[in-house]
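Some notes on the structure that comes next.
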Amino acid sequence: MARQRAAYNRFALSYEIDAARRRDSWAARWLEPVMRHVELAGRKRSDVRVLDVGSGIGSFAGHLAHEGFDVWAIDIADEMVERTRARLRQVYGSDAQSRAVRGSFIEHDFASEQFDLILGVAFVHCLPRPVDVLAIRKMAELLNEEGIAYLTTTAEPDGQEALALKDAMRGERDGTLMRRYRTRYTPAQFIDRIRAGGLTPWSWPGYGAPVELDSLTPADAMPIFSDTHVPGKRWVDVVATRQGALLPVPATDPGVPEPTRSDELVPVG
Ligand SMILES: C[S@@+](CC[C@H](N)C(=O)[O-])C[C@H]1O[C@@H](n2cnc3c(N)ncnc32)[C@H](O)[C@@H]1O
């Protein structure tokens, strides 16, 4: 934990330098795979409580706050939380201080709080096995019955976990190289972890019925997407619900032609 905190405190400045070019400006597009379901659930935005777990500099939290959602965040690194607060302050003023918590998601006591949308963008892989499953289980408990989670990680050829060097700017100018802990998953392993945590993972190409995912799901049905900026890097971007809940999709109406798969959909990069 201490090492993660120290590493991400160092990364914060690189993330911030990257914000205008990538993190803030692409936040809406990267969230599209989950926000389409949140919008289809039909709730008033101000009634949708969002928790951004491992919020980093707050690009997603800030974007959703500006969009009118009721946004909360947690990150273990002070430098990250301060940046999340700065983005939330533009919408919530001094309330941003309490809306962005500095702490470990695993340890933080959320009392009886519940959320309608939980984001774990590039978060779960910061935790070692089996803590990753404990985190997902905690998300499942914090989700309202109809709530949706969005969990993303990179698609790896094999699963490993180790201290590894991370370049926060991916080899570009102003990069910050630090060792930090990283769990790697194959897409099937990531799906397995999500199921073990008590959530049901789904894939929905934009038409038809959503496909419930398990580790036997063929690769071409997995929600795997190319990084929007880094050639060769691929992401597994998973929307998930509580077990027994359904993913909101448009009601099928034989009179209305089905939408075709949108090439415009550009998930987390
Ligand atoms: C790879 S970054 C992703 C940040 C952001 N979600 C994004 O996509 O830009 C992972 C974030 O998780 C935070 N983090 C790592 N372990 C955590 C923990 N146990 N509890 C809360 N935050 C944690 C790190 O400080 C870091 O900001």
What percent antiparallel are the DSSP beta bridges of the chain, to the nearest 5? 55
Along the Cα-to-C-beta direction of residue 6, a point sits 7 Å from the Cα; which residues of the range 179-197 have their amide N less than 17 Å from that point? 179-182
What length, rounded to one decimal in nm, is gained on full extension from residue 146 through to residue 214, with 0.36 nm per residue of separation minus their alpha-carbon distance? 22.4 nm
Listed residues 41, 122, 219; largest mean-square fluctuation, Gaussian network over the chain with Cα springs below 10 Å, found at 219
For an R0 of 41 angstrom, estimate the FRET efficiency from the Cβ-Cβ distance between residue 207 and residue 131 and round to the nearest 0.05. 0.65
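Can you tell me the relative contact order of the chain? Whole percent, Cα pairs under 8 Å, sequence separation 6 or more. All intermediate terms of the calculation are to be shown ahead of the outcome.
On the way: 541 pairs, mean separation 51.4, N = 269.
Once divided by the residue count of the chain, the mean separation gives 19 percent.
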Roughly how far apart, in whole Å, are the Cα centres of the range 224-241 and the range 6-73? 16
If you build a Gaussian network model of the chain, linking Cα atoms that sit under 10 Å apart, which residue out of 112, 94, 25 swings the most? 112
Spin-label pair residue 243/residue 226, simplified geometry with 7 Å Cα→Cβ offset, distance in nm: 3.8
Looking at the square roots a ≥ b ≥ c of the eigenvalues of the Cα gyration tensor of the range 2-242, which shape do they give, rounded for a/c under 1.5, prolate if a/b is larger than b/c, or oblate? rounded
Considering Cα pairs under 8 angstrom that are at least six residues apart, work out the relative contact order of the range 1-146 and quote it in whole percent. 23
Pick from 54, 159, 197: which is most flexible by mean-square fluctuation in a GNM of the chain where alpha carbon atoms under 10 Å apart are linked? 159
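Only the coordinates and a few stated rules stand behind these numbers; no lab work does. Computed from a prediction, not measured in an experiment: that's the story for all the values here. Neighbour counts are summed over all protein chains in view; Cβ atoms, including those assigned to glycine, are modelled from backbone coordinates with ideal geometry.
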